[in-house]
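The values are calculated or read from the model by the stated rules, or taken from the named source; none is laboratory data. Model, not experiment: these values are computed from the prediction. So basically every Cβ, Gly included, is an ideal-geometry build from the backbone, and we count neighbours across all protein chains shown. Just so you know, the surface numbers come from the protein's heavy atoms only, side chains and all, with ligands and any DNA or RNA stripped out. Shrake-Rupley method; radii C 1.70, N 1.55, O 1.52, S 1.80 Å.
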Amino acid sequence: MSQQNLESLDVERLREDFPILERELDGKPLVYLDNAATTQTADPVVDAMSDYYRRYNANVHRGIHHLSQEASIAYEEAHDRVAEFVGASGGREEMIFTKNTTESENLVAYAWGMRELGPGDEVVLTEMEHHASLVTWQQIAERTGADCTYIQIDETGRLDMDHARECITDDTAMVSAVHVSNTLGTVNPVSELVDIAHDHDALAFIDGAQAVPNRPVDVEAIDADFYAFSGHKMAGPTGIGCLYGKAHLLEEMEPYLYGGGMIRKVTFEESTWGDVPWKFEPGTPPIAEAVGLHAAVDYLEEIGMDRIRDHEEELAEYAYERLAAEGDIEIYGPEPGPDRSGLVGFNLESVHAHDLASIMNDHAVAIRAGDHCTQPLHDRLGVAASARASFYLYNTREEVDALVDAIDSARQLFA
Ligand SMILES: Cc1ncc(COP(=O)(O)O)c(C=O)c1O
């Protein structure tokens, strides 16, 4: 990545779009490094949602009155825009709005898995899966008699691709893999995994919760069958998630939730379903959130996803180097490089991650501590918890320095 790229991202200017970053806590400036959990919401997103509520708030798909038509058009166009953002050429026919990545996982696991899986089938996951995918597929496997197997990680925190080739066989029905690990920061070779899956006539579901917000993603170049992500991790609102699916698969799949808004014809005896994506979006959907997500996508694209990725990776590399230089900090995941994203998971030798996060909080530095919804991965790493600093487009080197200073205070307190 080039220094020129980094300089061309005008972080001070961008920070003006996130007034929350001006907050002080007990007189100390807020240092927000919990972006892998939720990013801050950009002003243009808040403005777009407030404009919706102030000017054209109405239910969608239902009314012939003017406001309902405006809301319906905005809601539908948001699908097209988000599809375009991730390279889905089928537009709304390939983009379902859900509540979050977790619901997107559940949708496929129930709608596809409950019908297609059975004894003898295998779902192949990775050891670095988020619970959103791991627990969901585990449950569906238990109910259908299928088995789950896990691709191992190596000592650098990367996937062992030889083991991947052993795990994915003709018995494999689904490969579900995380694009970017929320704990290790590893960027997985998802195209390669998808190719291996397809070689065995299996489908591939990619969890892009930590990828879409932070780097250019093209679902068609990856050739994923399904791809999921969340609005609240990409400068957008909470309450909306996305599920990309290849048009022919979504067409064939039965709905997973039922009710109004998703039907074509209902009689006392039976019902038939509307078109994709509406057949997967029953009830009143997240309309304001869709408007906000549309604005978020516009906002990110204007900045440039490659520049956002470069900026975050530069910060993560700086953080990695500073933490590694301390001598008593164990850092998880690969060394900085093209397959390492903008987050750093670590443990300070003498201080439990929860105590560390609490002391950091006294310094107004917001990091996350715990198992990050990857308990089996933490078992594999031999620790119960880890601390995680995760960066976004508005973070600065000075904030990395504040992180290191706060760690120093924790060390002294526990010395
Ligand atoms: C890799 C990964 N997958 C899935 C999720 C779940 O996202 P959500 O809570 O928005 O459903 C997260 C959230 O942290 C994540 O990091």
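Observations
- Residue-wise HN-Hα couplings along region 284-289, as the Karplus relation 6.51 cos²θ - 1.76 cosθ + 1.60 with θ = phi - 60° gives them from phi, are 6, x, x, 6, 4, 5 Hz; Gly and Pro carry x.
- Averaging the sequence gap over all C-alpha pairs within less than 8 Å and six or more residues apart, then dividing by the number of residues, gives the chain a relative contact order of 22 percent.
- Residue 114 versus residue 200: modelled label distance in nm, points set 7 Å from Cα along the beta carbon direction: 2.6 nm
- Derived scalar couplings between HN and Hα for region 84-98 equal 4, 4, 9, x, 8, 6, x, x, 4, 6, 10, 10, 9, 8, 10 Hz in order, rounded to whole Hz, by the Karplus curve 6.51 cos²θ - 1.76 cosθ + 1.60 (θ = phi - 60°), x for Gly and Pro.
- When the square roots of the Cα gyration tensor eigenvalues are ordered a ≥ b ≥ c, the ratio a/c for region 212-292 is 1.5 or more and a/b does not exceed b/c, which makes its shape oblate.
- Near the amide H of residue 234, within less than 5 Å, lie the amide hydrogens of 39, all on another chain or at least 5 residues away, with H placed in the peptide plane.
- Each of the GluC sites (Glu not before Pro) that DSSP puts in a loop and that has at most 14 other Cβ atoms within 10 Å breaks the chain; the longest unbroken stretch is 17-154.
- Under 5 Å, built H, 5+ apart or other chain: amide partners of residue 178: 126, 207
- Residue 25 long-range amide H proximity, modeled H, under 5 Å: 30
- Given charges at Cβ of Lys, Arg, Asp, Glu: the chain dipole, positive-most of 346, 320, 210: 210
- In loop segments of region 221-321 as defined by DSSP, the chymotrypsin sites (Phe, Trp or Tyr not before Pro) with at most 11 further C-beta atoms inside 10 Å of their C-beta are 268.
- Degrees separating the helix 353-362 axis from the principal Cα axis of the chain, which is the longest one: 80 degrees
- For region 46-301, the solvent-accessible area of protein heavy atoms averages 39 Å² per residue (probe radius 1.4 Å; ligands and nucleic acids excluded).
- With every protein chain in place, the chain: carbon and sulfur % of accessible area (1.4 Å): 46 percent
- Value of [θ]222 nm, deg cm²/dmol, for the chain, DSSP H segments ≥ 4, -39500 (n - 2.57) each, nearest 500: -12000 deg cm²/dmol
- Point-charge dipole on Cβ atoms (K/R +1, D/E -1) for region 1-75, about Cα centre, debye to 20: 440 debye
- Around the Cα centre of region 322-413, unit charges on the Cβ atoms of Lys, Arg, Asp and Glu (plus for the first two, minus for the last two) sum to a dipole of about 260 debye.
- DSSP bridge analysis restricted to region 46-301 gives an antiparallel fraction near 45%, rounded to the nearest 5.
- Here region 46-301 is treated as a Stokes sphere of Kirkwood radius computed over C-alpha pairs; at 10 °C and 1.306 mPa s its diffusion coefficient rounds to 85 µm²/s.
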